[in-house]
């Protein structure tokens, strides 16, 4: 039920962090997996890291805000198909309303939401030809719960979960499922300093029932599940992976 043999997958933002862990898991499950990012050297480094673990992946460098067709060409070059698209690209601008101008707000929405729609639209011809296409967005628990001083990211991630539902309804007739994953606090390399902050651990103890940060590899099973035959009747959901943070009062 979790075998992805014969499938081709593209993970945007797959060169590091949670995207890399999801790509690793898809490849281990049998899919020919291609990772995307803006920095070619970063992708090469990720490919070498995976190769050291006996995992082969392809790379498709490019900026998803302007190089979509080039990225898709690179992703489908080997097999001529695309069955799974995980869109894990995102940026954050932690400035409040008084500090952020409308055009800056729009720029973040373009990267985190509009680009997700554009990537999905461009990939549709491939995904619709698949016997069981899978489109998976990576949103955030910010889609459901807000913190002060983060309006653009919160709006973008909330919009991404709404887009997930909309596309799930629109594309279900094509035997294409559309779902999302909402990570909570994960100790990626980007968050390493925060994850090791003993003062912040007091907050974690109160807010996260498991009383710890997530390990990056703990996001991988959610990605494999949603991409696999096991999730053939799962459509339009946002699967939260946060140790219980968003359900605790």
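The values are calculated or read from the model by the stated rules, or taken from the named source; none is laboratory data. Please read all numbers here as calculations on a predicted model, not as lab measurements. Every residue, glycine as well, gets a Cβ built from its backbone with ideal geometry; the counts of neighbours run over all protein chains shown.
Structure notes:
- Listed by first and then second residue, the pairs linking a residue in the range 173-195 that is at positive phi to a residue that is at pLDDT 95 or above and outside any loop (DSSP other than H, G, I, E, B), with Cβ atoms under 8 Å apart and 6 or more places separating them unless they lie on different chains, are 175/133.
- Failed item, numbered, when residue 131 is tested on (1) under 18 Å from the mean Cα position of the chain (by Cα); (2) without any contact (Cβ under 8 Å) to a residue 60 or more places away in the chain; (3) outside any helix (DSSP H, G or I): (1)
- Extreme residue, nearest to residue 32 (Cα to Cα), among residues of the range 209-220 that are surrounded by 14 or more Cβ atoms within 10 Å (Cβ to Cβ) and touching a strand residue (DSSP E or B) at 6+ places or on another chain (Cβ under 9 Å): 219
- Qualifying residue in the range 99-114 (condition: within 27 Å of residue 24 (Cβ to Cβ), in contact with a helix residue (DSSP H, G or I) (Cβ under 9 Å, 6 or more places away or on another chain), part of a helix (DSSP H, G or I) and in contact (Cβ under 8 Å) with a residue 60 or more places away in the chain): no
- Any hit, the range 57-64, residues being touching a strand residue (DSSP E or B) at 6+ places or on another chain (Cβ under 8 Å), outside any loop (DSSP other than H, G, I, E, B), without any contact (Cβ under 8 Å) to a residue 60 or more places away in the chain and closer than 25 Å to residue 7 by Cα: yes
- Odd one out for residue 188, checked against (1) surrounded by 16 or more Cβ atoms within 10 Å (Cβ to Cβ); (2) modelled with pLDDT of 95 or more: (2)
- Flag for residue 73 being at pLDDT 95 or above, in a helix (DSSP H, G or I), touching a strand residue (DSSP E or B) at 6+ places or on another chain (Cβ under 9 Å) and over 22 Å from residue 157 (Cβ atoms): no
- Counting only helices (runs of 4 or more DSSP H) that sit completely within the range 136-249, those holding 3 or more residues that are within 16 Å of the chain's Cα centre (by Cα) and within 17 Å of residue 84 (Cβ to Cβ) correspond to 220-227.
- The range 76-99, residues that are over 16 Å from the mean Cα position of the chain (by Cα) and at pLDDT 95 or above: 76, 77, 78, 79, 80, 81, 82
- Restricting 27, 31 to those that are in contact (Cβ under 8 Å) with a residue 24 or more places away in the chain and under 16 Å from the mean Cα position of the chain (by Cα) reduces the list to 27.
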